[in-house]
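Below: the structure, in structure tokens.
The values are calculated or read from the model by the stated rules, or taken from the named source; none is laboratory data. Just so it is clear, the model here is predicted, and its values are computed rather than measured. With ideal geometry, Cβ positions are generated from the backbone for all residues, glycine too; neighbour counts draw on all protein chains shown. Just the protein is used for accessible areas: all its heavy atoms, side chains included, with ligands, DNA and RNA removed. Shrake-Rupley method; radii C 1.70, N 1.55, O 1.52, S 1.80 Å.
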Amino acid sequence: MMEYTPLSIGKIKNNMLIGELSEKTGFSRDTIRLYEKQGLISVGRKERRENNYKEYSPETYKQLLTIKVIKGFGFALNKTAEFLDLIKNNQASCENVAQKVEEKVKMIDQKIRELQDLKAVLIHSVSSCQSCCQPSSDQNCDLLIANT
């Protein structure tokens, strides 16, 4: 079973270019750019070199590690943004976080029920198919053919 715990931040003191940030966080460059475009991280004008290369701060690194933890729990980007807003506004209390996690658990339980129902339908369909199809038949299986 996977265990999700906060990641070690380490001692990052200097700004980084996107390649180094990508290597240290495990996110691809495209993912980092997407998170920036979505507003999950930001890079100010002051954080650019003369050649317009972006320099990412240790705070951005920490933000990306926080995103990694939240995404590791299976939350989509919109929920990740909500968590980041809670953190930014110092409102990520155990009560607020627990409520959102409980909602996620309910969604997972619902998805599990839907998948179990689908599994039952597939098992029933295959057993029905095997009882009506000829073993060496070169006809298409009725299971995949739409009945009109």
Report yes if some residue within the stretch 120-138 is touching a Phe, Trp or Tyr at 6+ places or on another chain (Cβ under 7 Å) and in a helix (DSSP H, G or I); otherwise report no.
no
Going through the stretch 80-100 one residue at a time, which ones are open to solvent by less than 60 Å² (accessible area, probe 1.4 Å) and either touching a residue at least 12 places away in the same chain (Cβ under 8 Å) or more than 30 Å from residue 20 (Cα to Cα) (or both)?
80, 81, 83, 84, 93, 96, 97, 98, 100
From the list 110, 63, 139, which one is out of contact with any helix residue (DSSP H, G or I) (no Cβ under 6 Å at 6 or more places or on another chain) and either in contact (Cβ under 8 Å) with a residue 40 or more places away in the chain or open to solvent by 100 Å² or more (accessible area, probe 1.4 Å) (or both)?
139
Name the single residue that is most open to solvent (accessible area, probe 1.4 Å) among those in the stretch 41-60 being among the polar types (S, T, N, Q) and modelled with pLDDT of 75 or more.
42
